[in-house]
Each structure stands twice: as structure tokens, then as C-alpha cells.
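As C-alpha cells, the structure follows; a few thoughts come after it.
The values are calculated or read from the model by the stated rules, or taken from the named source; none is laboratory data. These figures come from a predicted structure and were not determined experimentally. For neighbour counting, all protein chains shown are included, and Cβ atoms are generated from backbone atoms with ideal geometry for every residue, glycine included. Areas reflect the complete protein model, heavy atoms only, side chains present, ligands, DNA and RNA absent. Shrake-Rupley method; radii C 1.70, N 1.55, O 1.52, S 1.80 Å.
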Number of protein chains: 6
Amino acid sequence: MIYLTRRERFSAAHRMFRQDWSDEKNREVFGKCSNPNWHGHNYILWVTIKGKPSDNQGFVMNIDILKKIIQEKVILKIDHKNINLEVEFMKGKIATTENLATAIWNELKDPVEKEGAQLYCVKIEETENNTIEYYG
Amino acid sequence: MIYLTRRERFSAAHRMFRQDWSDEKNREVFGKCSNPNWHGHNYILWVTIKGKPSDNQGFVMNIDILKKIIQEKVILKIDHKNINLEVEFMKGKIATTENLATAIWNELKDPVEKEGAQLYCVKIEETENNTIEYYG
Amino acid sequence: MIYLTRRERFSAAHRMFRQDWSDEKNREVFGKCSNPNWHGHNYILWVTIKGKPSDNQGFVMNIDILKKIIQEKVILKIDHKNINLEVEFMKGKIATTENLATAIWNELKDPVEKEGAQLYCVKIEETENNTIEYYG
Amino acid sequence: MIYLTRRERFSAAHRMFRQDWSDEKNREVFGKCSNPNWHGHNYILWVTIKGKPSDNQGFVMNIDILKKIIQEKVILKIDHKNINLEVEFMKGKIATTENLATAIWNELKDPVEKEGAQLYCVKIEETENNTIEYYG
Amino acid sequence: MIYLTRRERFSAAHRMFRQDWSDEKNREVFGKCSNPNWHGHNYILWVTIKGKPSDNQGFVMNIDILKKIIQEKVILKIDHKNINLEVEFMKGKIATTENLATAIWNELKDPVEKEGAQLYCVKIEETENNTIEYYG
Amino acid sequence: MIYLTRRERFSAAHRMFRQDWSDEKNREVFGKCSNPNWHGHNYILWVTIKGKPSDNQGFVMNIDILKKIIQEKVILKIDHKNINLEVEFMKGKIATTENLATAIWNELKDPVEKEGAQLYCVKIEETENNTIEYYG
């Protein structure tokens, strides 16, 4: 079994808050991350798939196919967007990196499997000090 | 003459646009960066000062002082903020990294000189591929 | 299950040696790392915890709490210190990165569990080419 | 159980192609990577071994021994070489990073075990966006 | 005056040698870099231009234009190619990074000036330890 | 004129203090960096030389020669040493990075010139946030 990881990047705005909480409560729990005027990040996304390299090509999956899947299913929908307002797959979720990782997993699982590999890990770096991983 | 560089980071939301242009015109010139719902970045800021190390301490400037100046004059005003709406020193300016660099230069110049050194360079990385430098 | 990783850094002095060995024996086994006048490193520490994001906040753990635990239990005790002479949790141990990782694990395990998450991995980079991981 | 990772680097030329395919077929499957005049990369190699730190030295393995094994078994055979034409352990294989990872695993497994540790992972970065891992 | 830097990457094969020297002489001067079967690198290219940000847009140059110039004039001609055999602008030159930097400068100077900015620096990293800069 | 930069690394212990000051005064001025039991860093050193590439070889200087000069004149004298106690070229100086940069410049200037190039810059990173440059 071989693990193949593709790195992609996106820049987006977000804020952490709950609509059913007051501004004070949001500020208390989420701190400066709840700023109503938004802030943003350069997110780094690593998608790891696993599989057996084909005898034919020696690849787990042609990296161009994996890249295209991530672009279509994730990057085009989130890059230079507002995660809270504009990203369909985050609708109704608090915009934490935890929730982002599971939502991106759900976006990628089927398309990766349709190509004959398994999705293994979605890893997201929000800042150089904070990273989230989800393994399904 | 010795050059001392301090690296600091901030995350902020912004959009590039001109109020006197239509949405179409803004989209045409600034592309996805003009998204009305904002996007954001993890900016990296390098501030370089120059001076002669004091015989007394062997420093151009005590790094804790430089760090405190940058925190007070820049980071506290811009980190987890909306550059267009909330950052006083960017008021009335298009939120490009070019304009950000000159504005941060103006914030830092006097406090650095008051400590006996000269401000030499303000460098800002917006994404890992795009960087701006300003030397006054 | 979600994995959350926090990166922190510390700079410290150390040497590798055994008191019950001669200087020659120490030099033979530990090489230049046994220098009696010490040397030091910028260590990078990644602490990974795992858990289920709360419905309430969408976090495995509020990153500020994790950061505070690592600061109190590790960074304040080791940053700008001599690992052999001054770090309580390394007392009586050879100052290898292997022993450092298990000692830091022991410092962090209880406080992380008290917050409702599990400690998953302690990873330490000693130099850009040498890294240690401990999973309990 | 402790995991120790050593990073090494090598620069090499390669192309991806099958001799039993036409140039057109190779170009179709492998794209620009099949260029008959070769191209090349700065590969980064991380070798992870696992074991119990010895009471004696506090090491999983002396890093100098691990470094020497990787140098002799891998780096000297592949650095500044043509992977398709000159690297014995890649003979008869398509020069993908997947195949490279398993071949390097086979080079390292016995020598690592002879030193009393287990080989855990071979990880290779081909470009900053594409990485392969093999766990045996 | 503002300095804007764009980072791009390319992977290529090369060897260092002079046709008018024997293999022995080439090996003596250029070492393993003269390998007749080629080797290769992931080159990183930073192109710095300078200019006055326009009042109109706040840019030295729209980064998309600079990106397009570098792609067309450099990346498309050298990425996944053999620098000695296939890169027109390196014809007749020893394939050192020094010569690469001046050749890329010549490729970029006119197109950058046609857009109203000045080319300031071409910087190329061949390996993480070796970098070349050319300022015209 | 071409600029060639070589990166090297060393790990060392140091403390910042003046013998003619009390411990309190040292602590007041140098903070935790004055710890009498030492601390240490992974220093990164970039040495930049400038010159005209020779027609003969296309090099400013053969990188192996520059590497050897830096190894002999700097790395061997400071790597895994105590900067205050064991490094000849830092004798009598406060162990700041500023003083380190000028001292390393003095070590390298003559050997670089003897090879027909000019020393242009000595740059030292003490931590990822603090860097010093000296241009003679």
C-alpha cells in the first residue's frame, strides 16, 4: 500500500461564531476569531490517498487527476471566498478548521474512490502553528 | 552598520476594489481579489532596521523593544481585522500589499528612530508566491 | 475523531553524556554532542491531541487552552534553559531527544485529558534533519 | 516505542515512460514527465525507524549510524545520477516516486534491522506539492 | 519605489561540462555535476520588479501580468526540459545557475519594461543551500 | 556582477552577559538570554559573495571551494561549541548575533578574496523570527 499526498492552497475569509449566541458570548468563547468584520487565512491543504501502484503506470493515481479533483471539489469553491457566507459545503456549520476538514473529506471521498484509490487523510494548516487532520 | 530583521505574522481579511468603480469594473481589474464578501491571508511581516551595535550591549536594538513596537503599532491594529473596514492606517487606500507596506513603514519609522536606529525595509508576504518590499 | 496539532518552539542548551562514563567513552559514543561546555538547539515541538469536536463550539479543544497547557507544562520550564541542569522533568535522564519526547508526553498527558481530549503524539525536531516522535 | 526520522536529500534526473509504448502513448499517459531528454528534481527523503531507546545511550539508534546507512545504500547510488539509466535498485521499474519509495525501502530494511531497529516509513517529496509514503 | 517579487518553480535536467574538455577534465572541474547521463533539480525562481504603485490600482504591476510574463518567457521553455539540449536561451552556455540567472534576466527585461516597471533582480535557488542573484 | 549564496548551519550554546555587570543587571538587560547555565540555538548562516562568472567555468566561485572555506573558517570552530567559552574569534565580545556576524565576516573576507571574489554579506538566523545581516 502506497500513500500519495497532494498539497494545494486557498485563501479565504471566515469568522467563528454561533448565530444563537450574543456577540459577547461569541467573543468570550471564540475571542478575536469571532470578529464580525471577518478575518482570513492562507490555508494549506494536504490530501492523502492510498492504493496499490498500477503495474501499468506505476502510480497510485495520476497526480493530474488527483489535482483536478481537489481543484474542482474544493479549491474552486473556497479560494478567495467567505467560508461562512459562500461555501456550500460549510453551510450551517461553525467555520472551525475541524469542521472544514470533515466537510472537505466528504467532498473528496467519492471522486477519489471512483478513480480506484482510497481517501486516507485530509490535513489543513490554518496558521503555521495550528493544524487539523481527519482520517474519516 | 548592522541590519536586524524581526519577523511577525498577522491574519486579516481584505478585498481589492474602488468605491468609484462598478462591481464589473472591479472584477475586471482585481479579479477574484475583489470578492465583495471578502477573503483573507496569513501575512508575514519582516521589519528590518539598521544601526551600529552599541558597545554597551552589542545590540542594534534590543529585539524585545523592536518586537513591542511592531506589536503596538501594527499587529494589534491589524491582526484578525478587516483591512478595508477596521485598520485606521489603511483608511482611504486600496488594500493592496504595496499600500500596506508603505502604511506600515509610516507607522514604524518614528518609533524606531526614537530608539536610535533607522528603519531600513518593510517586507510583506501575502502568499508564498507574492511578496512586497518598501525601503522608504 | 479529529487530530489537532499545536506547534511551539524552545531554545535550550544540552550535552549528551553519562556521568558513570569517562570523557573518552562519552566522546566515543556521543561524539561532538558530548562537549562538556554544552551546545544547544532551536527545538520545534508539535503536540497532537485527538477527540471529537464539540457540537457546541466545533473544536476538539480551544487552541488557546492547548497553547496554555504546553506553555505552562513545557515551554516555561525548558526555554532558554540547560536541559541537563535545570529541567526538572529531565532529571536523571540522558538528554537525548528520545528521552525528551517521553518526558514531555508525561508532562502533557494528564492536563490534556482533564480538558476532555486524548494526547496522541509528541514530535520534536532537534535539527532540520533529525526528528523524534512518541505516541505513548 | 519511539520513532526517529532522518532527512536526506538527492538531486537526480529521470523520465517516466515504458519502452513497450510509443512516444505518443507515453506522452499521453505521463505528459511532460515523459520528455525523452529527461528532467530532474531535488528529492527529499525522510527515513523513519522505530524501536525502544536503549537504557545505555538513550537512542533508538545513533543518528550517525542511520545517516551512514542511508548514505551508503541510497544517496551514493542515486545522487546526481539518472534514475532510469544508472540506479541499480530501480532497474526495470518505471521511475515513479511510488516505485522509488518501495525500492529504497528494500535497500534499507535489512541494514536497519541489523542495527536492532525496525524500518517504519520511507517518505519522498518529489516537488513541494507531491509526496509519497511507504510503510512496507 | 516599491519592490514586488513573484516566486515560480521549474524542474529540469542539466549537466555542467564543456565540449572542448575531456570527460576527465570535466569531472575534475565540475565533479558529479558533470555526469554525462544528466541529473536535475527543482529550481525556485524569484523575479523582483520595481516601480511606483499606480494611483489607479495601487499595484506596481498586476501580479497576474507578471506571472504570465514569467510563464511564457521562462517556465514554458524550461520546465521539465533538459537545460543543455532544449532551452533556446541557454544555447552555447555552460549550464551553471550563474548563466541561467543572466539568461533569464535577458528574457524578462523587455516584457517587464513594456508594462511600465523595471526588472530589479533574478534569484534562483538550485538546492536549499545554493542560490544565485543577478541585478543586471 | 553575480551574487552567490551558500547556506550552512551550526548548533551552539551561548549566553548574553557582561562580566563587569552583576547578575541582576545582566538579567535586566539581556533577560532570559543571560541564563548563567547557558542556552543554545540552531544558527543558520548564509554567506554571499559577488564576482564575475569566469568564461572558463561559468562560476563566480566553485561552490565546493566556498563550502570548504566556510567549513574550515567558521563551522569547525563553532558547531557544537560554547560561543562564549570556546570560539576563538568571539573572545572578549558579547555573544550577540550582531557581534557574531561581524566576527564571521572577518574570518571569511581574506579567504574569499584569495579565490578572486568579494565577500558581500554575512546573514545569520538565530531563531525563525530574528535575523542579522552584515555587509562589511
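With all protein chains present, how much of the accessible area of region E:77-133 (probe radius 1.4 Å) comes from carbon and sulfur, to the nearest whole percent?
38
Could you give, in nm with one decimal, how far C:Thr127 is from each other copy of that position, shortest first, with labels 7 Å out from Cα toward Cβ?
For C:Thr127, the other copies' label points sit at 1.5, 2.2, 3.1, 3.1, 3.6 nm, shortest first.
To one decimal in nm, how far is B:Pro111 from the same spot in the other copies, if labels go 7 Å from Cα toward Cβ? Please give the shortest first.
Result for B:Pro111, in nm, nearest copy first: 3.0, 4.2, 4.2, 4.5, 5.4.
Throw me the Rg/Rh for the protein assembly as shown, computed over C-alpha atoms with Kirkwood Rh, two decimals.
0.94
Which value, to two decimals, describes the C-alpha radius of gyration of region F:1-100 once divided by 2.2 N^0.38 Å?
After normalising by residue count via 2.2 N^0.38 Å, the value is 1.38.
State in Å² the accessible area per residue of region B:7-129; use a 1.4 Å probe, count heavy atoms of protein chains only, and round to the nearest integer.
The answer is 43 Å² per residue.
With a/c under 1.5 counting as rounded, go ahead and sort region A:50-136 into rounded, prolate or oblate using the C-alpha gyration tensor (a ≥ b ≥ c being the square roots of the eigenvalues; past the cut-off, prolate if a/b is larger than b/c, else oblate).
Details: a/c = 2.28, a/b = 1.87, b/c = 1.22.
Prolate, because a/c is 1.5 or more and a/b exceeds b/c.
Which helices, counted as full DSSP H runs in chain C, have an axial Cα extent of no less than 20 Å and a Kyte-Doolittle average of -1.0 or above?
Membrane-span-like by this rule: C:97-114.
Quick one: what does P(r) look like for region D:15-72 with 10 Å bins over all Cα pairs, in whole %?
19, 27, 16, 18, 15, 5
Can you list residues from other chains, or at least 5 along the same chain, whose modelled amide H is less than 5 Å from the amide H of B:Phe17?
Counting only residues 5 or more places away or on other chains, the set is B:Ala95.
What nm distances, shortest first, do you get from the label point of E:Gln19 to those in the other copies when the point sits 7 angstrom along Cα to Cβ?
When each copy's label point is compared with this one, the spacings are 2.9, 6.5, 6.5, 7.1, 7.2 nm.
Helix-derived [θ] at 222 nm for the protein assembly as shown: sum -39500 (n - 2.57) over DSSP H runs of at least 4, divide by residue count, nearest 500?
The helix-only estimate for the protein assembly as shown comes to -8000 deg cm²/dmol at 222 nm.
Find the sum over both chains of the accessible area lost when D and E are paired, probe 1.4 Å, and report it in Å² to the nearest 100. Spell out each step's value before the answer.
Values: alone 8230 and 8210 Å², together 14480 Å².
Approximately 2000 Å², summed over both chains.
Give the average over all directions of the projected area of the C-alpha convex hull of region A:90-134, one decimal, in nm². Don't skip to the end; give the middle numbers.
Details: hull surface 13.6 nm².
Computing the convex hull of the Cα atoms and averaging its projections yields 3.4 nm².
A drop of at least 20 square angstrom in accessible area, chain alone versus all protein chains together, probe 1.4 Å. Which residues of region A:1-22 meet that?
A:Met1, A:Ile2, A:Tyr3, A:Leu4, A:Thr5, A:Arg6, A:Arg7, A:Arg9, A:Ser11, A:Ala13, A:Arg18, A:Trp21
Could you please point out the chain B residue with its Cβ nearest to the axis of the rotation taking chain B onto chain C, and the distance in whole angstrom?
Residue with the nearest Cβ, plus whole-Å distance, for chain B: B:Arg9, 7.
So what does C:Trp21 come to for accessible area, using a 1.4 Å probe and Å² rounded to 10?
50
Amide H of F:Phe59: which non-local residues (sequence gap of 5 or more, or other chain) have their own amide H closer than 5 Å, using H built in the peptide plane?
Amide H neighbours of F:Phe59, under 5 Å, 5+ apart: F:Ser54.
Which net charge results for the neighbourhood of A:His14, defined as the other residues with beta-carbon distances under 15 angstrom from its beta-carbon, given Lys and Arg at +1 and Asp and Glu at -1?
+2
Filter C:Lys50/C:Lys77; A:Lys52/A:Lys114; F:Lys68/F:Lys109; A:Lys73/E:Lys77 down to the pairs with a C-alpha to C-alpha distance above 19 Å, please.
Working: C:Lys50/C:Lys77 25 Å; A:Lys52/A:Lys114 15 Å; F:Lys68/F:Lys109 14 Å; A:Lys73/E:Lys77 31 Å.
Pairs exceeding 19 Å: C:Lys50/C:Lys77; A:Lys73/E:Lys77.
Would you grab the residues whose amide H sits under 5 Å from the one on A:Lys81? Only those 5+ places off in sequence or on another chain, please, with H modelled 1.01 Å from N.
Excluding prolines and chain starts, which carry no amide H, the hits are A:Ala13.
List, in order, the whole-Hz ³J(HN,Hα) value for each residue of region C:128-135 obtained from phi through the Karplus relation with A = 6.51, B = -1.76, C = 1.60 and θ = phi - 60°; use x for Gly and Pro.
5, 9, 10, 9, 10, 10, 9, 10
Taking θ as phi - 60°, what are the ³J(HN,Hα) couplings along region C:7-19 by the Karplus curve (6.51, -1.76, 1.60), each to the nearest whole Hz, with x for Gly and Pro?
Rounded to whole hertz, the list is 9, 9, 10, 8, 10, 8, 9, 7, 8, 9, 5, 10, 5.
Using the Cα centre of region B:2-134 as the reference point, and only Cβ charges (+1 on K/R, -1 on D/E), how large is the resulting charge dipole? Debye, rounded to the nearest 20.
Computed charge dipole of region B:2-134: roughly 80 debye.
Comparing the chain by itself with all protein chains present, which residues of region B:40-61 are at least 30 Å² less accessible (probe 1.4 Å)?
Buried-area filter returns B:Gly40, B:His41, B:Asn42, B:Asn56, B:Gln57, B:Gly58, B:Phe59.
Within the set of other residues whose C-beta is less than 12 Å from the C-beta of E:Asn62, count the net charge using Lys and Arg as +1 and Asp and Glu as -1.
Numbers: positive: E:Arg6, E:Lys67, E:Lys68; negative: B:Glu28, B:Glu98, E:Asp64, E:Glu115.
Cβ neighbours under 12 Å give a net charge of -1.
Residues of region A:68-110 losing 50 Å² or more of accessible surface, assembly versus chain alone, probe 1.4 Å, please list them.
The answer is A:His80, A:Glu98.
Local charge sum around C:Glu133 (other residues, Cβ-Cβ under 11 Å, Lys/Arg +1, Asp/Glu -1)?
0
Considering only DSSP beta bridges with both partners in the protein assembly as shown, what is the antiparallel share in %, to the nearest 5? Could you put the intermediate results ahead of the total?
Details: 180 of 192 bridges.
If we restrict to bridges inside the protein assembly as shown, about 95 percent are antiparallel.
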